[in-house]
Every structure is written in C-alpha cells, then in structure tokens.
Amino acid sequence: MCGDSAAHFFMMTTATHNEAQTIARILAGEKELFHDLIRPYERMVYLTVFAMLKNETEAEDAAQDAFVNAYRYLASFRAESKFSTWLTMIAINQARQKLRRDKKVGFESIEETIEDNDGEFTPAFLTDWREVPLEALERKELREALQKAVTELPDKYRQVFSLRDIQGLSIQETSEALNMNPGLVKIRLRRARIMLQKSLVPFLKNTPPAYRRFGRAQ
Amino acid sequence: MKLDCKHVWGYISDYIDNSVDPAVREDIERHLEHCEICSAILDSTRNILILTADERTFEVPVGFSEKLHRRLEEEIKKDPESGEK
C-alpha cells in the first residue's frame, strides 16, 4: 500500500493505537466498525486455521467462526496481549475444536520435555543457491513445491512454522498464541525449517557439487 | 571457538532470526567465510523463508473476504445487544 518505510512504521504504530479506540467504540455500540477492525487480520486467521486443518473449505468455515467468536467475546479482550495474538488464539481454539469433533487428534496435548536430539534433522547439501528470491518467486513450480512441503510437515512443526514464518509472528507471540515455552517454539521452528530446506532442494537451482574443494561436511 | 558444520546447522535458524549471542555469531560468520556447504544451506534456508513470507505463496481463497463480511454482517444484525456485553 505504501512504499515508504518510515510512513509505514508510522501507520503501524498509529494502527495499534487506533485499534484500542476502535474496540472501545465497537463495545460502545458502533458495531459496524468490527468490519474494519479485523480487515488486516483476515489472511492471518485463515492461514492459522488452514495450517491445522489442511483443507480449504474447512479452513474458510473455521476462520469465519473464529471471527464471529471474536465479535461475540470482544468485551473480554484485555490489552495485555496484542489484538492479533488474541485473534490467533481464538483461531487456534476454533481449529482444535473442529479437529476434536472430527476425531482427528493431530495435535498432541502433552509437550515433549526433551527435544534436544537434533540428529535426524540435518539439512540437505547443495553447493550454491544464490537465486534471487524475487526471480524464484516467479517460478510457480517452486511455490507449489513449497506449499506441498509445508502441508506435509508433521503437525507440531507446521503449526509453529505457520505462525512464525508464514504469518510473521515473533517467537514471543508464537509462544503466547500456542501457550508453549519459547525454547520449544525455537526447537520446532529450527526443525521445520531444516525439513523444508531438505525437501525443497530438488527444486532449487543448483550448480554442480564442489565437494572436492571443501571436503564433506562433518 | 571453532565451529564444525554440524554446530553451524544447529544455529542456522537462530542466526537467521538474529537471536544468537554476538560471540557465537562471530564464530558462525568465520565458519561461513570458508565453508561453501554451510553458506549454501544458509542461503537456501533464508530464501525459502523469503518465499514463504511472500503473500503470493500462501493465499486466501477467492471470495473469502466477501463471504466473511457477509457472515459478520448477519451476526451484527441479529445480536443488537452484543455491543453492551
């Protein structure tokens, strides 16, 4: 919308401030303003539930339900967390309910306490990938491979990856939204990223190996 | 400290997020200067994240927003008391 980064920063800061005012006005009766309040978060909520349900139609329904719930319970929003984090938590709950109803219990309820063995999570070697991201984006094949690889990540890794890297939440926000220790968020994120790097290597433009110069990685 | 490749892989995610200690960061950078394999792993991972964050990669279905706002409008209309909760 706006190319100037200073102006963008100003807009974002003002947006957070305005958000609190908008919420107060909605609660005071200007209910139509709810449409404007949630407009910046439509994509975020949809992708949050899509990461869990892996089905477009179900994700659309769950995202709608999440926004309806956010509307109904807006008065319970406390500014302790960001509005976006609060919305994300509602979206996650909505998708969890749906999974429970369908008996697809994909998300473990007990967090592993020991996740320190990264032995099986090693990246794939390629010797040079300097493709300019903007050019790579034009390659539909790569975008589709990425979508598929993300969908195929184990649930617990995909959820963290989606919040942090697709929606752009911080580690702290991700950990709040999932009610998960930030250390565990980082471990899962690291593994998700390595798994994706590994599965996407065949789609990356590569140059012939140069092991002879650098030896094999240990 | 001299890092080997396996150590560097363990740090790549945090390195991209800029959340490693400055001293470790220096060690990683020293390693990357001479290790083409780890540099390529870093580049490819970073670029995958750039592609991931691009809105064209993960899109909302066509018509999602319109349907959502219609549903919200119904909700707003049917619950005249909701603003007073």
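The values are calculated or read from the model by the stated rules, or taken from the named source; none is laboratory data. All of these numbers come straight from a predicted model, not from anything done at the bench. In this analysis, Cβ positions are derived from the backbone assuming ideal geometry, glycine residues included, and neighbour counts consider all displayed protein chains.
One residue alone among A:Ala91, A:Ala66, A:Ala79 is small (Gly, Ala, Ser) and surrounded by fewer than 16 Cβ atoms within 10 Å (Cβ to Cβ), and that residue is A:Ala79. Checked against the criterion of being in a helix (DSSP H, G or I) and away from every other protein chain (no Cβ under 12 Å), the candidates A:Arg100, A:Arg39 yield just one match: A:Arg100. Of the candidates A:Ala192, A:Ala136, the single residue that is within 11 Å of another protein chain (Cβ to nearest Cβ), in a helix (DSSP H, G or I) and modelled with pLDDT under 90 is A:Ala136.
Screening B:Gly63 against (1) within 20 Å of the chain's Cα centre (by Cα); (2) at positive phi leaves a single unmet condition, (1).
Taking region B:41-85 as the search range and keeping residues that are within 7 Å of another protein chain (Cβ to nearest Cβ), modelled with pLDDT of 90 or more and closer than 22 Å to A:Ile23 by Cα, which one is surrounded by the most Cβ atoms within 10 Å (Cβ to Cβ)? Restricting to residues being within 7 Å of another protein chain (Cβ to nearest Cβ), modelled with pLDDT of 90 or more and closer than 22 Å to A:Ile23 by Cα, the top hit is B:Leu68.
Going by the structure shown, is A:Thr57 touching a Ser or Thr at 6+ places or on another chain (Cβ under 9 Å) and either more than 8 Å from chain B (Cβ to nearest Cβ) or part of a helix (DSSP H, G or I) (or both)? Here the answer is no, as A:Thr57 does not meet what is asked. So which pairs qualify, if the first residue must be in region A:191-202 and over 20 Å from B:Ser39 (Cβ atoms) and assigned by TED's automatic domain parsing to the domain that holds A:Leu146, the second must be of a type in the set (Phe, Trp, Tyr) and surrounded by fewer than 21 Cβ atoms within 10 Å (Cβ to Cβ), the Cβ gap must be under 6 Å, and the two must be at least 6 apart or on different chains? Pairs that qualify, where the first residue is over 20 Å from B:Ser39 (Cβ atoms) and assigned by TED's automatic domain parsing to the domain that holds A:Leu146 and the partner is of a type in the set (Phe, Trp, Tyr) and surrounded by fewer than 21 Cβ atoms within 10 Å (Cβ to Cβ), are A:Arg191/A:Phe121. Out of the residues in region B:28-40 meeting the condition of being at the interface with another protein chain (Cβ under 7 Å from one of its Cβ atoms) and farther than 12 Å from B:Ile12 by Cα, tell me which one is surrounded by the most Cβ atoms within 10 Å (Cβ to Cβ). Step by step, filter region B:28-40, then rank; the result is B:Ile37.
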